[in-house]
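**Q** My questions will all concern the structure given below.
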Amino acid sequence: MKGPSRRLFLQLGGLAALAAACAPRRPADTGTFTPLRRRWREVTLGYPGTFDPEREPYRTRLARLGAKAARHRDAMTPARRSLWPDLPFPSLDATPARLRAMARAYALPGTGLTAEPGLGTAVGEGVEHFVRHVYAADAEQTGNWWDWQIGTPRALLDAAVLAAPHLTDTQVAALCEAVDTFVPESRLDDYEGNSTGANRVDLCTVTLLRAIAGSDPGRAALAASALSPVFLHVTEGDGFYRDGSFIQHGSVPYQGGYGAVLLSGLATLFAVLRGTPWEITDPAARTVLDAVDRAFAPFVHDGACMDLVRGRGIDRRPYGDHRRGREIAAAVLLLAETAPDPDRARWRAMVKGWAVRDTAKPMLRAAEGAAEGGDLAFHARLSAVLGDATVPAAAEPIGHRLFPMSARAVHRRPGWCAAVSMASSRVAHYEYGNGENLRGWHTGSGMLYWWTTGPSAQEQGEQYSDAFWPTVDPYRLPGTTVSTRRLPDGAGGEWGDTRPPAEWVGGATDGVYATVGQHLYGLESTLEAFKSWFFLDDAVVCLGAGITCRDGVPVETVVDNRRTGARLTVDTGWAHLDGHGGYVVPAGQPLRTLCEDRTAAGVTRAYATLWLDHGVDPDAAGYVYHLMPGSGPVETAARAADPGWARVLANTSAQQGIEVPSLGVTAVNFWTGGRAGGRAGGLTASDPCAVLVRDLGDGTATVTVADPRRALDGLTVTWDRPVAGVTRGHPLLHRAETGARLTLTFGGPAGHEGASCTVTVRFGASTA
């Protein structure tokens, strides 16, 4: 430091030393907290035991961390309005982050400052200075509550724990007093408001760090016990649902934001507390282990976390989906260390598969380049998995996952993957807040994401990563039906307060195929429509009906909007995009196209857009098209020449359904109940529901039904096929009538949370 500022620092340090001599001492360490501090360092920093600091890339990364910490230490210039001249107070995030970086350099080997007393002392004095001038016990909480109760205290406490040998009792006592002011024990009394889900895990982490710093067994016990509500399945609001959904902010699907934070936090707490008096032993914690496969893995594609579960974070930075995918992978590998052997083996193979396939932003290289050495532990764990020949690289799973409680669906077939994002009375159109995602208005209007493999694998992995959100036309998101009425930034309300009145949103799946539907209401618009997606082997058949609007502007259905400069071929009844896939658009629907460069935020990206124009103020308009990911022009043209491949049985505001004879599939979304639902392809439903039947080709068939509205006490479905008997029932199946036709009566589907019920039947002799 330079002369005057260094003298001021020494004066402040002298006053602190005098105060320390007179201050009451913190509770005596009973012997439990010294190893707990060590365990915190081992788990969060990965040393010792996870990596060799003498090997690359760790040696170089550690040296860089040490050099950065030295610069921070030497530039400290304590003043009444700052600790560093370039970070004027309050700097609730940046100043604590620098102190934590310095503490990491102190705690980690190979930094050149390992256990260096001067650095440890500087951390303590920096924490003391910040607590005195900003994060003081008598300070007024202003701005974002998260900074005061989670972000700032966690960073300060982390720094204090890592540099513990050089913090005085007075410094620790002042920090603990400040934390107790903003995060009192009573903060964890009620599981509600902003003390749920990921926020609750963060608050428990802060409480545990407070316990470690102050050697407080009572707070350590509280930190562990207060996690229990997180483990319980919920039926509304924040948390995990039985179908694998995860909601935060009341109405936002958030596995790729708050969910990743929650998973990482729980993995850390499980590992840190293992073997201590506060080890997590709640049997309900199994929910977290199950969530890896049920809630998180379905939304990670080739190492990237899909944007439809990332809330307002989608436009935060380029390749944010890959960064979130790495965070989930890191949490899974850490969680695996304390999980049962079968989970551990399955998860290591799964993460290895993600890392091997992520060519757009290679996972291991990205972990190596993370700032401040924060990903060294993950890099080492991932490197070990990649180098272990006994761990296979798990392939992308095949099948369909439907999440009715969060209005999401994910479909995987060999060579491609698709996912749809909807909105309902329970799930927001979109989320914005803190100035983020101001134009995500239509992401819940049936946005259809998709990826394929082949020669454009690199481009596929970057499709929604490489400046997609700042450059895409927000009124033409792929798959959506929208009014082109101009909307103000942040239209609808903050923090997911944009739920439409739609109840029928969801569908039915047998785990292989699916029928998915959305009763669509436009955001701040008079638009109303009925949209259905039928997810099959090599295609998604998309239907729209009842498209009505009185906004005085055109309404469009966006067949696709790919971020690519690939050649687009358009022919009668079909179109093809080189390296991506094909589109079948039956006659009578003029397909409009546009290839353009779009520029925003200083970057330019090419787009190929295909859409159907329903005109100004349409009345009961509709559409039919097929998306064929990965198909070539020959396959696309052949499908267009075979209109009988998928026969449209109904496409109205009462029913939407198709029959695909080659797959033995008949699927119908019944929007209305009673006889008005009518017969379609041999199916009749007594009430609004989704029905999917599949002839398995071996003399048996499955009948799958669901109540997306969660409103029915009973449901009767009739299939006009001779059936000899039911070979596999379902707990909700009350009665089955077989013979010339099959009639199934289900009881209480409303309590099944929109989940699918599948029954297997055997055909009669006359149809064998």
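The values are calculated or read from the model by the stated rules, or taken from the named source; none is laboratory data. Computed from a predicted structure; not experimentally measured. Don't worry about glycine lacking a Cβ; one is built from the backbone with ideal geometry, like all the others, and counts go over all protein chains shown. For the accessible areas, the whole protein counts, side chains as well, though only heavy atoms, and no ligand, DNA or RNA atoms are used. Shrake-Rupley method; radii C 1.70, N 1.55, O 1.52, S 1.80 Å.
Rundown of residues vs (1) modelled with pLDDT under 95; (2) among the β-branched types (Val, Ile, Thr); (3) surrounded by fewer than 17 Cβ atoms within 10 Å (Cβ to Cβ), yes/no style:
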site: ALA28; (1), (2), (3): yes, no, yes
site: GLU54; (1), (2), (3): yes, no, yes
site: LYS68; (1), (2), (3): no, no, no
site: ARG71; (1), (2), (3): no, no, yes
site: ARG81; (1), (2), (3): no, no, yes
site: THR111; (1), (2), (3): no, yes, no
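**Q** Now for a different question. Restricting to the range 609-640, name every residue that is on the phi < 0 side of the Ramachandran plot, over 27 Å from the mean Cα position of the chain (by Cα) and aliphatic (A, V, I, L, M). Steps first, please.
**A** Our first condition is that a residue be on the phi < 0 side of the Ramachandran plot; within the range 609-640, this holds for 609-614, 616, 618-619, 621-629, 631-640.
Still in the list and also over 27 Å from the mean Cα position of the chain (by Cα): 610-614, 616, 618-619, 621-626, 631-640.
Matches in the range 609-640: LEU610, LEU612, VAL616, ALA621, VAL624, VAL634, ALA637, ALA638, ALA640.
**Q** Same structure again: What are the residue pairs meeting all of these: first residue in the range 149-178, first residue more than 23 Å from ALA198 (Cα to Cα) and open to solvent by less than 30 Å² (accessible area, probe 1.4 Å), second residue of a type in the set (Lys, Arg) and assigned to a helix (DSSP H, G or I), Cβ atoms under 8 Å, and 6 or more apart or on different chains?
**A** LEU162/ARG41; LEU162/ARG100; LEU162/ARG104; ALA164/ARG37
**Q** Looking only at strands (runs of 3 or more DSSP E) that fall completely inside the range 682-752, which ones have 3 or more residues that are open to solvent by 20 Å² or more (accessible area, probe 1.4 Å)? Show your work before the answer.
**A** Details: elements: 683-685, 689-695, 700-706, 714-719, 723-728, 733-737, 742-747.
By residue number, 714-719, 723-728, 733-737.
**Q** How many residues are under 9 Å from the mean Cα position of the chain (by Cα) and part of a helix (DSSP H, G or I) if we restrict to the range 283-316?
**A** First pass over the range 283-316, keeping only residues under 9 Å from the mean Cα position of the chain (by Cα): 295-296, 299-300, 305-311.
Pick out the ones that are also part of a helix (DSSP H, G or I) and you get 295-296, 299, 307-309, 311.
Of the residues in that region, 7 qualify.
**Q** Within the range 195-218, which residues are assigned to a loop (DSSP other than H, G, I, E, B), of a type outside the set (D, E, K, R) and in contact (Cβ under 8 Å) with a residue 12 or more places away in the chain? Quick ask: steps written out before the conclusion?
**A** Filtering the range 195-218 for residues assigned to a loop (DSSP other than H, G, I, E, B) gives 195-196, 215-216.
Right, trim to of a type outside the set (D, E, K, R) and you get 195-196, 215.
Listed by number, the residues that qualify are THR196, SER215.
**Q** Every residue in the range 100-127 that is farther than 25 Å from GLU177 by Cα and aliphatic (A, V, I, L, M), please.
**A** Of everything in the range 100-127, those that are farther than 25 Å from GLU177 by Cα and aliphatic (A, V, I, L, M) turn out to be ALA105, LEU108, LEU113, ALA115.
**Q** Quick one: in the range 579-603, which of the residues that are over 27 Å from the mean Cα position of the chain (by Cα) and in contact (Cβ under 8 Å) with a residue 60 or more places away in the chain is least open to solvent (accessible area, probe 1.4 Å)? Working first, answer last.
**A** Filtering the range 579-603 down to residues over 27 Å from the mean Cα position of the chain (by Cα) leaves 579, 582-599, 602.
If we keep only those that are in contact (Cβ under 8 Å) with a residue 60 or more places away in the chain too, we end up with 579, 598-599.
On the way: GLY579: 32, ARG598: 61, THR599: 98 Å².
Of everything passing the filter in the range 579-603, GLY579 is least open to solvent (accessible area, probe 1.4 Å).
**Q** Could you go through the range 435-446 and let me know if any residue there is open to solvent by 10 Å² or more (accessible area, probe 1.4 Å), basic (Lys, Arg) and under 23 Å from GLY630 (Cα atoms).
**A** There is no residue in the range 435-446 that is open to solvent by 10 Å² or more (accessible area, probe 1.4 Å), basic (Lys, Arg) and under 23 Å from GLY630 (Cα atoms).
**Q** Among the candidates TRP451, TRP533, which residue alone is of a type in the set (A, V, I, L, M, F, W, C) and closer than 19 Å to PHE403 by Cα? Spell out how you get there, then give the answer.
**A** Numbers: TRP451 fails: closer than 19 Å to PHE403 by Cα.
On inspection, the qualifying residue turns out to be TRP533.
**Q** So if I check each of GLU372, GLU368, which one is modelled with pLDDT under 95, more than 19 Å from ASP302 (Cα to Cα) and open to solvent by 40 Å² or more (accessible area, probe 1.4 Å)?
**A** That would be GLU372, the only listed residue that is modelled with pLDDT under 95, more than 19 Å from ASP302 (Cα to Cα) and open to solvent by 40 Å² or more (accessible area, probe 1.4 Å).
Quick grid of which residues meet (1) crowded, with 18+ Cβ neighbours inside 10 Å; (2) of a type in the set (D, E, K, R); (3) touching a Gly at 6+ places or on another chain (Cβ under 6 Å):
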{"residue": "LEU266", "(1), (2), (3)": "yes, no, no"}
{"residue": "LEU273", "(1), (2), (3)": "yes, no, no"}
{"residue": "ASP282", "(1), (2), (3)": "no, yes, no"}
{"residue": "ALA304", "(1), (2), (3)": "yes, no, yes"}
{"residue": "GLY311", "(1), (2), (3)": "yes, no, yes"}
{"residue": "ARG324", "(1), (2), (3)": "yes, yes, yes"}
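**Q** So in the range 317-339, with the set limited to residues that are of a type in the set (Gly, Ala, Ser) and assigned to a helix (DSSP H, G or I), which one is farthest from the chain's Cα centre (by Cα)?
**A** Here is the first cut: in the range 317-339, the residues of a type in the set (Gly, Ala, Ser) are 320, 325, 329-331, 336, 339.
Next cut, assigned to a helix (DSSP H, G or I) only: 320, 325, 329-331, 336.
Details: GLY320: 11, GLY325: 9, ALA329: 12, ALA330: 14, ALA331: 13, ALA336: 20 Å.
Only one residue tops the list, namely ALA336.
**Q** Can I ask one more? Restricting to the range 753-768, count the residues that are surrounded by 20 or more Cβ atoms within 10 Å (Cβ to Cβ) and among the acidic types (Asp, Glu).
**A** Here the count works out to 0.
**Q** From the list GLY615, GLY511, exactly one residue is within 21 Å of ALA419 (Cβ to Cβ) and open to solvent by 10 Å² or more (accessible area, probe 1.4 Å). Which is it?
**A** GLY511
**Q** With the structure loaded, tell me whether GLY496 is more than 26 Å from LEU577 (Cβ to Cβ), open to solvent by less than 20 Å² (accessible area, probe 1.4 Å) and small (Gly, Ala, Ser) or whether it fails that test.
**A** yes
**Q** Within the range 666-681, does at least one residue satisfy the condition of being surrounded by fewer than 24 Cβ atoms within 10 Å (Cβ to Cβ), at pLDDT 95 or above and in contact with a Gly (Cβ under 6 Å, 6 or more places away or on another chain)?
**A** no
**Q** Considering only the range 528-556, how many residues are closer than 18 Å to ALA409 by Cβ, assigned to a strand (DSSP E or B) and either free of Cβ contacts under 8 Å to residues at least 24 places away in the same chain or not small (Gly, Ala, Ser) (or both)? Even if it seems obvious, please write down each step before you answer.
**A** Here is the first cut: in the range 528-556, the ones closer than 18 Å to ALA409 by Cβ are 529-544.
Those still in the list that are assigned to a strand (DSSP E or B) too: 529-535, 540-544.
Going one step further and asking which of them are either free of Cβ contacts under 8 Å to residues at least 24 places away in the same chain or not small (Gly, Ala, Ser) (or both), we end up with 530-531, 533-535, 540-543.
Selection size over the range 528-556: 9.
**Q** Looking at PHE468, PHE530, PHE534, can you tell me which residue is within 30 Å of ARG728 (Cα to Cα) and of a type in the set (A, V, I, L, M, F, W, C)?
**A** Working: PHE468 fails: within 30 Å of ARG728 (Cα to Cα); PHE530 fails: within 30 Å of ARG728 (Cα to Cα).
When all the criteria are applied, what remains is PHE534.
**Q** Can you tell me which residues in the range 340-352 are more than 19 Å from the chain's Cα centre (by Cα) and part of a helix (DSSP H, G or I)?
**A** Just the residues of the range 340-352 that are more than 19 Å from the chain's Cα centre (by Cα), to begin with: 340-346, 348-349, 352.
Scanning the range 340-352 gives ASP341, PRO342, ASP343, ARG344, ALA345, ARG346, ARG348, ALA349, LYS352.
**Q** Tell me the residue from THR196, THR235 that is open to solvent by 30 Å² or more (accessible area, probe 1.4 Å), β-branched (Val, Ile, Thr) and under 30 Å from MET422 (Cα atoms), please.
**A** Numbers: THR196 fails: open to solvent by 30 Å² or more (accessible area, probe 1.4 Å).
Every option except THR235 fails the conditions.
**Q** Tally time: how many residues in the range 284-302 are surrounded by fewer than 18 Cβ atoms within 10 Å (Cβ to Cβ) and among the hydrophobic types (A, V, I, L, M, F, W, C)?
**A** Kept after step one, since they are surrounded by fewer than 18 Cβ atoms within 10 Å (Cβ to Cβ), are these residues of the range 284-302: 284-286, 290, 293.
Subset that is among the hydrophobic types (A, V, I, L, M, F, W, C): 284-285.
Total satisfying the criteria: 2.
**Q** Is it true that some residue in the range 466-484 is among the small types (Gly, Ala, Ser) and open to solvent by 20 Å² or more (accessible area, probe 1.4 Å)?
**A** Start the filter on the range 466-484 by keeping residues that are among the small types (Gly, Ala, Ser), which leaves 467, 479, 483.
Then drop every residue that is not open to solvent by 20 Å² or more (accessible area, probe 1.4 Å), which leaves none.
Checking the range 466-484: not a single residue is among the small types (Gly, Ala, Ser) and open to solvent by 20 Å² or more (accessible area, probe 1.4 Å).
**Q** For the range 712-746, give me each residue that is among the β-branched types (Val, Ile, Thr) and in contact with a Phe, Trp or Tyr (Cβ under 7 Å, 6 or more places away or on another chain).
**A** Restricting attention to the range 712-746, the residues satisfying the condition of being among the β-branched types (Val, Ile, Thr) are 716-718, 723, 726-727, 738, 743, 745.
Correct list: VAL723 only.
**Q** Quick one: how many residues across the range 129-165 are β-branched (Val, Ile, Thr) and over 34 Å from the mean Cα position of the chain (by Cα)? Talk me through it step by step, then tell me what you get.
**A** Here is the first cut: in the range 129-165, the ones β-branched (Val, Ile, Thr) are 131, 134, 142, 150, 152, 161.
Checking the rest, the ones that are also over 34 Å from the mean Cα position of the chain (by Cα) come to 131.
Residues that pass the stated criteria total 1.
**Q** Which pairs turn up if I take residues in the range 76-103 that are assigned to a strand (DSSP E or B) and look for partners that are aromatic (Phe, Trp, Tyr) with beta carbon separation below 8 Å, at least 6 apart in sequence or on another chain?
**A** SER82/PHE89; LEU83/PHE89; LEU83/PHE130
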